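Student: Handing you this structure, nothing more for now.
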Amino acid sequence: MKTKISLIALAVLSLGAQAADWSDTSVGYRYASQQSEPGVSDSVSKNILSVTHVSGDKLGTNFFTIDLLKSGSNDPSANGPSGAQEWYGFYKRSFSLTALSGQPVTLGFAKDVSLTARVDAGAKNTAFAPAPFKVRLGASAAMPVSAGFWDVGVDLYKEKNHNGLVGKDVTFDTAVALTSAWAIPAGPGTLGGFIDIVGPKGKDGFGDKTKTEVLARGTYMFDVAGPKSGLKAGVGVEYWSNKFGCNNTTSFVKNSCKATTPLLLVEYHL
């Protein structure tokens, strides 16, 4: 499976680079000490490797990222006591309405508006055996920051997943998702991050009603050994509430659907 993931990632990156007017590709590592997992009573530590590619062309932007995650032993794999392994990634394409129309398109407070399409996929080798596949269609507005970027958007969200504990696939109801992402220079570094809010999406594989899910991450990254080295390091914090739609207030394992965790991060830009 890892070989297939690597080949897909390389293919997407090479296609994006060939058509791009500009591009940036990075490999990274982050450590999260206190993540949560529904059904796991204690905080879960995770080591996470990532590959990220962003590029722009005459019509808009491409964004591709994939994470390989290794959990601590209290989030075990299905086949033994060692920590579970997981992969998760998504590809997002945006089309600038200004570029498509040849005329400025704004919302008054925004400098551009884009149509967006995103596909997410992943898998994890626990007894639950999740295999999410998500499609999102929407629009985003580029806020008028003087440097960097700040986008705000809204999507229609559709998800399919697998529940190995009850032995069935689950198709969730269509939901509305609100998104925001930013990277803004501040002092010697850059303030980056995102907020992703997914509304209730019907019932899960256990027949329980899902709740509004909130995932937010904020980071501060700075250059190591100068801007030309390509090496960046930093710290951050991640907040996740009603993880995967799990209800924080009624979960059968207390506090397993909600967590705030500090992050340590390192990136190398190729």
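Coordinate-derived values only; no laboratory data. All values derive from a computational prediction rather than experimental measurement. Here the Cβ is made from the backbone with ideal geometry for all residues, glycine too, and neighbour counts use every protein chain on show.
Student: Along Cα→Cβ, 7 Å out, is where each label goes; now give me the distance between the ones at Lys158 and Phe90 in nm to one decimal.
Tutor: Computed distance between label sites Lys158 and Phe90 equals 1.6 nm.
Student: Also, I was wondering about something else. Full extension from Ala127 to His269: what is 0.36 nm times the residue separation minus their Cα-Cα distance, to one decimal in nm?
Tutor: On the way: separation 142, 0.36 × 142 = 51.12 nm, distance 3.59 nm.
Stretched out fully, the Ala127 to His269 stretch lengthens by 47.5 nm.
Student: Give the longest segment of the chain that steers clear of trypsin sites (Lys or Arg not before Pro) in DSSP loops with at most 15 neighbouring Cβ atoms within 10 Å, not counting the sites themselves.
Tutor: 112-253
Student: Provide, as a two-decimal number, the C-alpha radius of gyration of the chain over 2.2 N^0.38 Å, N being how many residues it has.
Tutor: 1.03
Student: Please compute the contact order of segment 2-269 in relative form: average sequence separation of alpha-carbon pairs under 8 Å and at least six residues apart, divided by the residue count, as a percent.
Tutor: On the way: 726 pairs, mean separation 40.2, N = 268.
Relative contact order comes out at 15 percent.
Student: Given a cut-off of 32 Å, name the pairs among Lys58/Lys201; Lys70/Lys111; Lys124/Lys203; Lys160/Lys232 whose C-alpha atoms lie farther apart than that in the structure shown.
Tutor: Details: Lys58/Lys201 35 Å; Lys70/Lys111 40 Å; Lys124/Lys203 21 Å; Lys160/Lys232 36 Å.
Checking Cα-Cα distances, Lys58/Lys201; Lys70/Lys111; Lys160/Lys232 exceed 32 Å.
Student: While we're here: To the nearest 0.05, what FRET efficiency results for Thr25 and Thr171 with a Förster distance of 41 Å applied to their C-beta separation?
Tutor: After rounding, the FRET efficiency stands at 0.75.
Student: Given 0.36 nm per residue, what is the gain on full extension from Ile184 to Leu137 after removing their alpha carbon distance, in nm? Mind showing how you got there, number by number?
Tutor: Working: separation 47, 0.36 × 47 = 16.92 nm, distance 2.55 nm.
The span from Ile184 to Leu137 would gain 14.4 nm if fully extended.
Student: A further question on this structure: How much length is gained on full extension from Val253 to Lys58, taking 0.36 nm per residue of separation minus their Cα-Cα distance?
Tutor: Working: separation 195, 0.36 × 195 = 70.20 nm, distance 4.96 nm.
Additional length available on full extension: 65.2 nm.
Student: Taking the Cα atoms only, what angle lies between the long axis of helix 2-19 and the longest principal axis of the chain, rounded to 10 degrees?
Tutor: Helix 2-19 sits at roughly 20 degrees to that axis.
Student: Work out the charge dipole of the chain with +1 on the Cβ of Lys and Arg and -1 on the Cβ of Asp and Glu about the Cα centre, then indicate which of Thr210, Ser55, Gly108 is farthest towards its positive end.
Tutor: Of Thr210, Ser55, Gly108, it is Thr210.
Student: What size of dipole, in debye to the nearest 20, comes out for the chain about its Cα centre when the only charges are +1 on Lys and Arg C-beta atoms and -1 on Asp and Glu C-beta atoms? Provide the component values of the computation, followed by the final result.
Tutor: On the way: 26 positive and 22 negative charges, 65 e Å.
In debye, rounded to 20, the chain gives about 320.
Student: If R0 is 30 Å, what FRET efficiency do you get for Ile195 and Asn79 from their C-beta distance, rounded to 0.05?
Tutor: With a Förster radius of 30 Å, E is 0.25.
Student: Per DSSP H run of n ≥ 4, the term is -39500 (n - 2.57); total these for the chain, divide by its residue number, and report the mean residue ellipticity at 222 nm rounded to 500 deg cm²/dmol.
Tutor: Value at 222 nm, helices only, nearest 500: -2500 deg cm²/dmol.
Student: Sticking with the crude label model, points 7 Å out along Cα→Cβ, report the distance from Ala225 to Ala147 in nm, one decimal please.
Tutor: About 2.4 nm, to one decimal.
Student: Could you list the GluC sites (Glu not before Pro) in segment 143-248 that lie in coil according to DSSP, counting only those with at most 11 other Cβ atoms within 10 Å of their Cβ?
Tutor: Of the GluC sites (Glu not before Pro), not one in the loops of segment 143-248 has a Cβ with at most 11 other Cβ atoms within 10 Å.
Student: At a Cα cut-off below 17 Å, give the aspartates and glutamates reachable from Lys168, other chains included and same-chain residues fewer than 8 away excluded.
Tutor: Cross-link targets: Glu159, Asp204, Asp208.
Student: Further question: Rounded to the nearest 0.05, what FRET efficiency do Thr260 and Gln103 give with R0 = 45 Å and r taken as the Cβ-Cβ distance? Could you check?
Tutor: The value I calculate is 0.55.
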